[in-house]
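In what follows, a structure is listed as structure tokens, so that the remarks can point back to it.
Read the figures in this text as sums done on the coordinates, not as results from a lab. Everything numeric here is computed off the predicted structure, so don't read it as measured data. Backbone-built Cβ (ideal geometry, glycine too); neighbour counts: all protein chains shown.
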There are 2 protein chains.
Amino acid sequence: MTSDPNHVWVPFDRLKTFIGSALTAAGLPQTDAMQVADLMAQADLQGSDGHGVIRLAPYIRRIRAGGMNTRPNIGLVVDHQAFGIVDGDNGMGHLVVSHAVKIAIEKARQYGVAWVGTRHSNHAGPASLYARMPLEHGMIGLYFAVGNANHMPPWGGMDMLLSTNPIAAAIPAANEPDIVLDMATTMAAYGKVKAKAKRGEMMPEGWMIDREGKPLLDPKRSDEGFLLPIGGHKGYGLALIVGLLAGTLNGAAMGKDVIDFNQDHVSTTNTGQAILVIDLNATGMADTFKQSVDRLEQDIRNSTRLPNCERIWLPGEQSHLRRQTYAEQGIPLPTALLSELEQLARDLGIASLA
Amino acid sequence: MTSDPNHVWVPFDRLKTFIGSALTAAGLPQTDAMQVADLMAQADLQGSDGHGVIRLAPYIRRIRAGGMNTRPNIGLVVDHQAFGIVDGDNGMGHLVVSHAVKIAIEKARQYGVAWVGTRHSNHAGPASLYARMPLEHGMIGLYFAVGNANHMPPWGGMDMLLSTNPIAAAIPAANEPDIVLDMATTMAAYGKVKAKAKRGEMMPEGWMIDREGKPLLDPKRSDEGFLLPIGGHKGYGLALIVGLLAGTLNGAAMGKDVIDFNQDHVSTTNTGQAILVIDLNATGMADTFKQSVDRLEQDIRNSTRLPNCERIWLPGEQSHLRRQTYAEQGIPLPTALLSELEQLARDLGIASLA
């Protein structure tokens, strides 16, 4: 594996330290920088490589352009028993959502269930990171977010009013890996389209359509078309509901108010997210529940496979294995990305990653 | 319309009275019978005709076989602040879920958000009915249910361990129709497959596969294959999460414990459902929210359409229009169904519907 000339294996801690140094150099207080760095490196550790260190340069570009607040006053602005809204004061999304999840966990411990939304937040990386946070407290996490660029029209339309608005859910097991779902409500995330273009591959039918409503297969033409929702009108409905719950409900951007953060580095994105936490202790049967999850996982894993299917996976199981492997062997970073990070290190005057 | 020889238009109230009489004759207390009748007739009124009066004969068959309790002791068995679990004592699902939603609304008024699950419940009709109940209280409803027969294997497998586990969500608007999503996590609900078979039509590719993993297009061969989830592995993950939240979490059936209620009329189904309610008053900006929902609906409805698209719909808008039309003109019931209901009326010794 280490003989692969296109990748360099970087230990988690080294990656985290590098990201933290970069964000500190960009103006974040060191504690905040290290908290974001930990989450970004965790994204890479679990293989969510579209949401990890690859985002460092864009984040810093936004900070330098004045589009993100390095010294935010993040706080609970709506606090009604089990319900709350956190205003992120345009700070980095990782800090804002972590704060919201922390409050939701405390509230769930008290009320059995809690819902906390965010506004004036920003892109926060992979949804699963936040859905998973309640797990270590013996709690279930559900996470909803408004994406940071609209790539999907309503079903039947061609004005891009919706994003890939993701859903994540994390369910604690006893001895089996926890079940963790993390999915965009579109057939493909936009990052996967860009990856296909980079590799010179065609997209399968069903990912995108063009302005005639015909299948769009060439990812290099992706700006001529739109992402398709999962299950047609169903995924459109899901993306809309997620946007209403994670955005509109908190006074955050949704629909035509969503900023394309790849094009516009200055305007406040007013990103919204929401976390739901359920404390298993509230059910009075936490252990029974976790054992049932184990049994269900075993039933599914050991069930009869279709011809050509090598293994039946549980949601989150592949990320789980990746975390273990990468923790031992290091995280594979493409050499092209590494060169970009070396350039960034020189710009910021920090130590090199490699 | 009334010249269509295959349908008879029946007023809502007459349908409701008929269902209520039938259920009373089958042994339910009259108040319970009328509550179920109202919900079943409402299902037909909004066009959810697979979940309305068409289910009356199967329900009564189950009651007569001893598979459903006509005098259940429905009550809250777990009560932890904003979280609760209702045990339905094997009563009709409509009664059990209505009770759970009522409690969730009360809890949400107090705590801002509430989550109430059910166990020992039964099939309760269309998910949207229950998600919509909080609307008139200025609240958001989200509903999850475990289906009453497994028709879907895990992704890559062929043991049917999952049902079409639906998700419903209802979001209040100000002057526009409320947004109401009601979707199975499979590409098609099983009822749609049966309807295709009845009409002698083929299914589109993507609804089902056979035991070789190949597309199954003939709905008459549906017992040789499986329903496919929306978005491939994504819908599999969603169905699993819904089942864990609506079933396992409440001590209700999930996975291989799910009874096929079309085949087995005697065993307790131990059906599970869950409702999440958010009180808009907790946000301190209920009116602003509802106005934002209106604006979003207008933006979507008025957005540019693809060629051949006549209208862009909001989720729930077609049901909303159908409720208005059917309330005026009556609910169209197929004459074949009407004959079955006449037979049922004679069996039960109640007045005829027609």
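Only DSSP H runs of four or more residues enter the estimate; each adds -39500 (n - 2.57), and after division by the residues of the protein assembly as shown the mean residue ellipticity at 222 nm equals -11500 deg cm²/dmol. Rounded to whole numbers, the Karplus 3J(HN,Hα) couplings from phi for region A:89-94 are 6, 6, x, 4, x, 4 Hz, using 6.51 cos²θ - 1.76 cosθ + 1.60 with θ = phi - 60°, and x at Gly and Pro.
Start at zero, step by 5 Å, and the Cα-Cα distances of region B:192-341 spread as 2, 7, 8, 9, 13, 17, 18, 13, 8, 4, 1 percent across the bins.
Relative to the Cα centre, the charge distribution of the protein assembly as shown, modelled as +1 at Lys and Arg Cβ and -1 at Asp and Glu Cβ, gives a dipole magnitude of about 320 debye.
GNM remark for chain B: springs join alpha carbons under 10 Å apart, and the peak mean-square fluctuation among B:G147, B:G47, B:G243 falls on B:G47. Distances between placed amide hydrogens fall under 5 Å for B:H7 paired with B:T335, all partners being 5 or more residues away or on another chain.
Each of A:M133, B:M34 was scored by other Cβ atoms within 10 Å of its Cβ. Listed from fewest to most, they are B:M34, A:M133. Put a plus charge on the Cβ of each Lys and Arg, a minus charge on the Cβ of each Asp and Glu, and nothing anywhere else: the dipole of region B:172-287 about its Cα centre is then about 480 debye.
Of B:K194/B:K290; B:K192/B:K214; A:K192/A:K290; A:K198/B:K234; A:K196/B:K234, which ones are farther than 29 Å apart at the Cα? Over 29 Å Cα-Cα: B:K194/B:K290; A:K192/A:K290. When restricted to Cα atoms, region B:240-308 yields an Rg and a Dmax of 20.6, 53 Å, respectively. Peptide A:274-285 has a mean of 4 when you count, residue by residue, the C-beta atoms of other protein chains within 10 Å of its C-beta. Since only A:V258, B:T304, B:V36 are under comparison, the one whose Cα sits farthest along the positive direction of the charge dipole of the protein assembly as shown, derived from C-beta charges on Lys, Arg, Asp and Glu, is B:T304.
Remark: mean inter-chain Cβ contacts per residue of A:256-262 equal 1, using a 10 Å Cβ-Cβ cutoff to other protein chain atoms.
Here region B:289-352 and region A:282-329 have alpha carbon centers that stand 40 Å from each other. Couplings 3J(HN,Hα) for region A:54-62, derived from phi with the Karplus relation 6.51 cos²θ - 1.76 cosθ + 1.60 (θ = phi - 60°), are 4, 8, 4, 4, x, 4, 5, 4, 5 Hz, where x marks Gly and Pro. Geometric descriptor of chain B, per residue, is 146 Å³ (volume of the convex hull of the Cα atoms). Could you state, as a whole-number percent, how many of the C-alpha pairs of region B:25-167 are farther apart than 25 Å? So the portion of pairs separated by more than 25 Å is 31 percent.
Can you tell me the FRET efficiency between A:K194 and B:V77 if r is taken as the Cβ-Cβ distance and R0 is 30 Å, rounded to the nearest 0.05? So the FRET efficiency works out to roughly 0.05.
Simple rule: put +1 on each Lys or Arg Cβ and -1 on each Asp or Glu Cβ in region A:76-200, find the dipole, and look at A:P134, A:N122, A:A197; the Cα lying farthest toward the positive end is A:A197. Coupling constants for region B:65-82 follow from the phi torsions by the Karplus curve (6.51 cos²θ - 1.76 cosθ + 1.60, θ = phi - 60°), and in residue order they are 7, x, x, 9, 8, 7, 10, x, 9, 7, x, 6, 9, 10, 9, 10, 6, 7 Hz; glycine and proline get x.
For region B:284-329, the percent of C-alpha pairs falling in each 5 Å distance bin, counted from 0 to the bin holding the largest distance, reads 5, 18, 17, 19, 18, 14, 7, 2, 0. Taking 13 Å as the cut-off, the amide N atoms of region A:200-235 that come nearer than this to a point 7 Å along the Cα-to-beta-carbon line of B:T304 belong to A:210-213, A:224-226.
Modelled spin labels at B:R64 and A:E212, positioned 7 Å past Cα toward Cβ, are 5.9 nm from each other.
With its label point defined 7 Å out from Cα along the Cα-to-Cβ axis, B:E342 lies at 8.6 nm from the matching points of the other copies, in increasing order. Note on chain B: with a GNM built from Cα contacts shorter than 10 Å, the maximum mean-square fluctuation among B:L76, B:L39, B:L228 falls on B:L76.
Put in line by how crowded their Cβ is, counting other Cβ atoms within 10 Å and starting with the fewest, A:K234, A:K196, B:K194 read B:K194, A:K196, A:K234. In the P(r) worked out for the protein assembly as shown, what percent of Cα pairs fall beyond 38 Å? Roughly 35 percent, once rounded to a whole number.
A compact globular protein would have a Cα radius of gyration near 2.2 N^0.38 Å; the ratio found for region B:110-207 is 1.30. Note on region A:4-44: Cα-Cα pairs beyond 15 Å make up 39% of the total pair count. For B:K194, the distances from its label point to the matching points in the remaining copies are 4.8 nm, ordered from shortest, with each point set 7 Å beyond Cα toward Cβ.
With the simple spin-label model, which puts each label point 7 Å out from Cα in the Cβ direction, the A:L348 to B:E340 separation comes to 6.6 nm.
Across peptide B:183-193, the mean count of Cβ atoms from other chains lying within 10 Å of each residue's own Cβ comes to 2.
Projecting the Cα atoms of A:L341, A:P5, A:I241 onto the charge dipole of the protein assembly as shown, computed from C-beta unit charges around the Cα centre, puts A:P5 farthest toward the positive end.
With label points set 7 Å from Cα along Cα→Cβ, the inter-copy distances at A:G232 are 2.0 nm, sorted shortest first.
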